[in-house]
């Protein structure tokens with residue numbers, strides 16, 4: 001059946017399905033008198049309803065195609081059908097030409113359609129998806145035209161569960177559902193920022209992966225707001241291209257859509273997430289009844305819908321009452337505002353909807369409720385209850401600690417144990433409380449300093465009590481990032497304990513742990529190991545008696561050993577701590593902390609993918625047990641950002657680091673070392689994205705405070721110098737880059753800097769190479785390689801990265817024969833270690849292709865490099881690599897005397913770079929240099945780098 005005929009039959013069939021059996025007979029008789037053929041077709045369709053389980057499964061009855069499993073479409077082989085929709089089919093596919101192996105989702109236009117508007121929409125989806133780069137949106141990887149002029153899209157294959165199904169199966173609480181919903185809002189907001197309306201938002205297009213991340217799919221009917229054209233979504237004049245249950249009133253009426261249409265659909269999804277049911281209760285299930293409800297019926301509040309489900313026996317009464325109370329108020333109002341039938345009365349944007357959800361989660365007044373004084377006061381008290389309590393009891397806690405210390409001198413053993421338990425509670429409460437105190441306007445440093453002075457004065461005759469108090473204050477100093485002050489008090493505590501042979505084992509272990517922690521945080525890990533190692537055997541003997549103190553000792557001792565490069569030993573101590581915290585203490589936060597440490601070990605040995613997986617696992621555990629606002633989440637987001645940058649995934653890195661920075665600012669304040677570290681990583685993400693002004697602002701803002709807080713020889717200061725060197729190198733300030741990298745190298749030659757030394761040496765070599773000092777550059781590359789081989793072994797893929805850099809240096813000098821062995825080894829190591837599709841492996845493959853192009857064997861260098869560029873997946877992380885390949889292909893054309901062709905390629909590339917990265921950078925300068933020299937025969941395939 002063709003689309004034109006179905007346009008005539010569809011509304012009549014809807015009307016017949018709404019009628020009782022007798023009414024259908026009468027109506028068919030009336031139609032038969034007017035058009036016997038039409039009546040016969042309708043009667044046949046009605047007969048199919050009772051016999052065919054797939055009745056109306058296909059948008060056009062009778063268009064279901066024969067199976068295409070195993071067939072090829074372009075370079076892809078179709079494995080099996082994943083799903084079908086109004087305009088297309090989605091297949092699981094694999095690359096069949098051997099270029100790479102990867103599961104993909106291939107979308108193609110459903111066979112049997114003659115409607116040109118549907119083909120136009122499908123073509124438009126390719127343009128839309130190419131514009132969208134967001135961690136919560138499935139990425140477009142390729143597009144083409146297959147056999148029979150059939151267009152197809154190749155998308156990232158997302159293995160996940162529809163949003164509502166995921167929440168139901170995992171019995172997620174309301175807060176967790178709202179945080180997943182905020183991920184959807186973030187993705188839709190990104191689409192709207194690119195002038196794109198999705199127009200078919202529904203849970204089946206929102207898949208939740210095993211990592212607890214939402215991916216938004218299917219922009220097939222999305223409307224480009226910056227394009228003129230006829231909107232082809234009218235429900236009565238053609239095949240409906242959206243899902244009616246989630247459609248806005250203006251869609252049902254066939255009116256123009258806008259971003260407010262997506263706001264309505266998100267409101268339906270939010271309602272279903274909260275209430276477990278759709279907003280409308282229908283008298284009968286039919287499209288006509290759905291349209292009537294969407295246009296005319298006011299949905300009940302989600303809290304009321306939950307109660308109705310309980311009355312109908314679909315929910316248990318007690319949980320339903322609790323859920324209804326939870327939804328009553330803010331969430332009822334947010335959902336109904338999004339579902340307003342008048343677009344102008346909905347939220348003005350998806351960001352406004354998301355902002356109200358976030359305000360509800362933070363305990364702030366929401367815009368969906370009238371700004372009454374009583375409501376705002378209630379929210380204020382709820383929101384600040386914890387902060388006010390912290391601010392009110394901070395001084396009391398210190399006085400209580402003094403009292404506890406005095407109490408210890410006079411009370412019996414059981415009272416001492418009780419006091420220590422209370423002290424541990426206080427420590428856990430304030431360990432990360434620096435930001436909270438500052439947010440209440442309290443000068444924590446002055447408060448702690450006063451407490452220490454008072455303790456020294458009032459407990460002069462009671463050294464044991466004074467030692468415990470100083471340990472409390474030292475730990476609080478660490479919590480606010482005052483490491484020098486913490487170390488001074490910790491050393492004073494140790495002197496007191498060393499002179500007291502009767503001091504408790506738990507106090508000694510705690511003191512050693514915190515002293516080692518302060519030393520490590522000050523980049524003095526060798527001293528940390530020397531201080532803690534004598535107590536390691538005693539700690540193991542005390543596991544059963546003092547599990548909490550022993551687990552803390554193991555973690556701190558393992559971290560110091562890790563900073564000295566003793567990865568295997570560190571792992572053993574971490575695993576012992578996890579065993580105690582999980583099996584004995586049942587300490588969720590402690591287990592998550594140790595999992596972060598294990599993930600950091602994977603990062604240390606450049607197992608980037610494994611490290612990312614482990615950090616995400618720790619994040620899931622932390623989020624599930626303790627929520628998103630735990631201080632450990634800052635470290636997770638910072639580490640994920642650094643690892644994503646290592647893999648060239650700057651977009652994903654920016655998203656993780658922005659989230660981490662916001663939380664770090666809230667919890668720790670702007671000057672805390674952890675906040676400065678996240679800001680530095682965010683600056684490097686901006687740098688990788690080509691946003692040089694933002695990168696410079698972020699990197700310079702953190703450098704001074706980092707050096708002031710930690711000193712010029714601290715490893716974090718070395719990281720800051722390294723980042724500033726990267727910025728200078730990208731801006732073309734070679735002299736500044738060399739100076740800054742040399743300072744970073746000097747810092748990292750210390751024991752605590754071993755993890756950065758090879759990276760700083762390699763970048764220093766690149767800066768010397770850019771200056772033209774190839775001999776000095778080669779010496780630095782060779783030293784970097786020796787350091788890295790000592791760390792990882794000669795067969796590690798990270799060594800392959802340095803082999804590539806050495807080969808590129810030799811290429812630049814024109815010695816292709818000497819460069820080839822280095823580049824072949826780099827290609828082999830990175831392919832085996834990272835995988836052939838990793839950006840680091842692809843960079844090695846490009847360098848090898850340049851060398852092979854310069855050897856004069858086989859196909860021309862320009863063809864080889866152009867083919868390499870064309871074969872790269874359409875991934876934002878690979879855009880710089882593609883630009884480089886195109887630049888080298890143009891260089892090869894110039895070398896082959898095709899000056900006009902080379903100039904054309906360089907001109908097109910220069911325009912693309914200007915649009916993508918208007919602030920310029922190393923690659924832009926290189927292309928400009930090639931364009932300036934293209935008219936002269938170049939002395940080898942590597943002269944492009946001379947423009948550096």
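What follows draws every value from the coordinates through simple rules; no lab data is involved. These figures come from a predicted structure and were not determined experimentally. For neighbour counting, all protein chains shown are included, and Cβ atoms are generated from backbone atoms with ideal geometry for every residue, glycine included.
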The range 591-705: relative contact order as a whole-number percent, Cα under 8 Å and 6+ apart:
19
Sort the range 816-914 into rounded, prolate or oblate with this rule: let a ≥ b ≥ c be the square roots of the eigenvalues of the Cα gyration tensor; rounded if a/c is under 1.5, and if a/c is not under 1.5, prolate when a/b is larger than b/c, oblate otherwise.
oblate
Suppose a student asked you for the relative contact order of the range 161-369, using Cα pairs under 8 Å spaced at least 6 residues apart; what percent would you report?
20
Once a ≥ b ≥ c are taken as the square roots of the eigenvalues of the Cα gyration tensor of the range 591-705, is the result rounded (a/c under 1.5), prolate (a/b larger than b/c) or oblate (a/b not larger than b/c)?
oblate
Between residue 771 and residue 255, how many nm apart are label points set 7 Å from Cα along the C-beta direction?
6.8
Extension gain residue 321-residue 345, at 0.36 nm per residue separation less the Cα-Cα distance, in nm?
5.6 nm
Ranked by how many other beta carbons lie within 10 Å on average, peptides 512-521, 661-670, 794-803 from highest:
512-521, 794-803, 661-670
Net length gained if the chain between residue 103 and residue 460 were fully extended (0.36 nm per residue, minus Cα distance):
121.5 nm
Listed peptides 37-45, 760-768 by packing density, highest first (mean Cβ within 10 Å):
760-768, 37-45
Distance in nm between residue 170 and residue 79 label points, each 7 Å along Cα→Cβ, equals 2.3
Applying 1/(1 + (r/R0)^6) with R0 = 56 Å to the Cβ-Cβ distance of residue 701 and residue 47, what FRET efficiency is obtained, to the nearest 0.05?
0.15
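Calculate, in nm to one decimal, what residue 832 and residue 588 gain on full extension: separation in residues at 0.36 nm each, minus their alpha carbon distance.
Value of the extension gain: 84.2 nm.
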Which order do peptides 631-641, 872-882 fall in by mean Cβ count within 10 Å, highest first?
631-641, 872-882
Simple spin-label estimate for residue 296 and residue 500 in nanometres, 7 Å along Cα-Cβ
8.2
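By its C-alpha gyration tensor, with a ≥ b ≥ c as the square roots of the eigenvalues, how is the range 161-369 shaped: rounded for a/c under 1.5, else prolate for a/b larger than b/c, else oblate?
prolate
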